[in-house]
Each structure stands twice: as structure tokens, then as C-alpha cells.
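The values are calculated or read from the model by the stated rules, or taken from the named source; none is laboratory data. Since this is a predicted model, take the numbers as computed values, not measurements. As a convention, Cβ positions derive from the backbone with ideal geometry for all residues, glycine included, and neighbour counts pool all protein chains shown.
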Amino acid sequence: MRADQTALFTDLDGTLFNSKSQISRENREAIAAYMAEGGAFAISTGRAPGNARKFIGDLPTNAPSVVFNGGGVYDFSRDSYGFLLHMDYARYAPVFRWAIDAIPDLDLQVYPDDEIIYCTPLERARKDFLEMHSPCRHLPLEALADIPVVKALLLTSDGNMSLLGKKLEAAAPGAFDLKKGAVVLGTRLSYYETMPPEATKGAALRYLRSDPGLAGRTFLAAGDYWNDYEMLREADVSVAPGNAIPEIRALCTHITASNDEHAIAHIIRDIIPAL
């Protein structure tokens with residue numbers, strides 16, 4: 001299949017990025033060649049646009065990208081949203097207040113549009129984790145009543161995750177979607193990302209099928225983790241890097257090299273021409 005017949009959407013962490021959160025030269029060169037041949041390239045990330053740009057730098061995209069894990073579609077070339085969803089403050093605020101008060105090691109960050117706000121006391125902040133999500137500012141939870149929030153991230157130690165998850169699901173059933181993840185910053189930590197229930201990478205990909213610039217193209221998606229699941233199901237061709245979790249590898253139509261072995265370059269050079 002020719003590049004100009006396809007659109008490629010890639011997750012960042014664990015897929016486009018290597019284990020050092022960098023984009024390899026091989027991936028950059030393959031993406032540039034793919035776009036030069038008419039391929040439509042975009043990212044699909046849980047990050048806000050500004051935070052994503054901090055990591056992708058000058059990497060170009062020529063199609064609208066999925067941000068906030070499907071909470072929005074954003075065109076980096078035009079600095080504009082196609083759509084943006086928001087959480088219901090009246091439903092999330094009481095359970096977030098409980099979490100702040102009941103879990104001493106909780107870090108709570110919320111994402112309104114392209115900003116990051118830290119809501120738990122700053123003395124709780126894990127400095128290395130906070131640096132990953134900088135710049136940000138601090139506001140108490142109650143100040144969010146008039147600030148539309150797209151996504152929240154609740155980080156705590158593994159031992160508190162079960163308690164937190166049960167409380168979130170029981171206190172506000174159907175109010176938002178929960179996506180669980182894990183990070184390692186010295187000690188083992190886990191997090192929940194909470195989103196509007198209709199916000200998924202898969203739903204955003206369905207929205208993008210109506211984009212005139214992508215009409216008739218075969219959609220390829222690459223991802224490695226649970227937040228990529230719906231996107232990979234929605235895509236015409238789904239690709240897991242070798243480092244993806246087993247459930248994602250089992251779902252995908254193709255498995256390629258790991259994120260440390262230039263997975264996106266392999267998709268462009270090996271998988272797309274063979275379709």
C-alpha cells in the first residue's frame with residue numbers, strides 16, 4: 001500500500017518514544033519520508049498538547065492528533081482543537097476531596113485545556129513526577145468549580161490503588177472513565193487517569209474518519225498499553241511494539257520491533273508497503 005493511502009496514529013510513551021522518552025533518529029527519518037510520500041501522520045497521547053509538544057519538539061504532524069486520551073482532537077499545525085470534552089465538577093469534586101483527605105501520599109493533577117493544575121498540598125509532591133508534568137500551577141480543588149477540566153490524574157503508592165479505584169467507581173458511577181497506569185520513580189507507584197466516560201482514543205479516531213483530509217485512507221494505529229486499546233480496535237490496521245503488554249499484543253493485527261528498536265520506522269518501512 002502507498003503512503004498516500006494511509007494515516008498513521010502513534011502513541012508516544014512506550015511506542016514512538018524509546019525508554020528515555022526520546023524519538024530516535026531512525027523514527028524521525030522514517031516519519032519525514034512517510035510524510036514526503038503523502039502519508040498522514042499524527043500522534044495519539046494522554047498528554048495535553050503543550051506537554052506533548054515539550055517532548056516531541058520539532059517533530060512535524062500533518063493530520064489532527066488525539067490528545068488527553070481521546071478527550072480532545074488537536075491540530076498542532078494550526079494550534080486549534082477539533083473538539084474538547086470536559087468532566088462534571090459536581091460529580092468528581094466530592095470524591096476527589098475524599099481522596100485528598102484520606103490518602104496522605106496522593107498527588108492530584110487536573111488538566112483544563114492546555115494547562116496543568118496541581119490540587120494536593122505542594123509538600124506532598126513527588127518532585128521527579130512533578131517535573132515530568134511541568135510547567136504547572138497550584139490551586140485548591142474548590143477553585144476548579146469555574147474551570148472546565150478535561151482530565152485528572154491521581155497518583156499514589158500501589159497499596160492504595162485498590163481502595164482509590166473502588167471509591168472512585170462507587171462514589172460517582174458513570175461520571176468518568178478510569179484508566180489505570182503505572183510509573184516507576186524510585187518506588188513503585190500507580191495512577192488513575194479520569195476522563196469523561198465518552199472520551200477514548202477510539203472515539204477520537206472515529207471522529208477523525210470524517211475529516212475531509214483523511215477521507216478514504218486506511219487508518220493505522222500503534223500503541224502499547226490499556227489506554228490504546230479502543231484506538232487499536234477502531235483502526236483498520238493495529239500494531240503493537242514488542243514491548244506492549246500481552247493483552248495489547250493479542251489484540252493487534254501486527255507486532256513489530258520494540259520502542260527501543262524504532263517501532264514506528266518498522267511500521268513505515270515494513271508493514272505499510274506490505275499491506
Total residues in the range 116-152, condition of a type in the set (A, V, I, L, M), modelled with pLDDT of 85 or more and more than 20 Å from Gly71 (Cβ to Cβ): 1
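Please indicate, with yes or no, whether at least one residue in the range 93-110 is over 26 Å from Lys166 (Cβ atoms) and in contact with a strand residue (DSSP E or B) (Cβ under 9 Å, 6 or more places away or on another chain).
No, the range 93-110 contains no residue that is over 26 Å from Lys166 (Cβ atoms) and in contact with a strand residue (DSSP E or B) (Cβ under 9 Å, 6 or more places away or on another chain).
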Within the range 247-275, considering residues that are of a type outside the set (A, V, I, L, M, F, W, C) and under 14 Å from Gly223 (Cβ atoms), the one surrounded by the most Cβ atoms within 10 Å (Cβ to Cβ): Asn259
Qualifying residue in the range 45-60 (condition: of a type in the set (Gly, Ala, Ser), closer than 21 Å to Pro241 by Cβ and either in a loop (DSSP other than H, G, I, E, B) or without any contact (Cβ under 8 Å) to a residue 24 or more places away in the chain (or both)): yes
Any hit, the range 217-227, residues being among the β-branched types (Val, Ile, Thr), assigned by TED's automatic domain parsing to the domain that holds Ile268, touching a residue at least 12 places away in the same chain (Cβ under 8 Å) and surrounded by fewer than 20 Cβ atoms within 10 Å (Cβ to Cβ): yes
Wholly within the range 155-249, helices (runs of 4 or more DSSP H) carrying at least 3 residues that are in contact with a Leu (Cβ under 8 Å, 6 or more places away or on another chain): 158-171, 229-234
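Could you pull out the residue among Val95, Val110, Val73 that is part of a strand (DSSP E or B), under 23 Å from Ala145 (Cα atoms) and among the aliphatic types (A, V, I, L, M)?
From the options Val95, Val110, Val73, the qualifying one is Val110.
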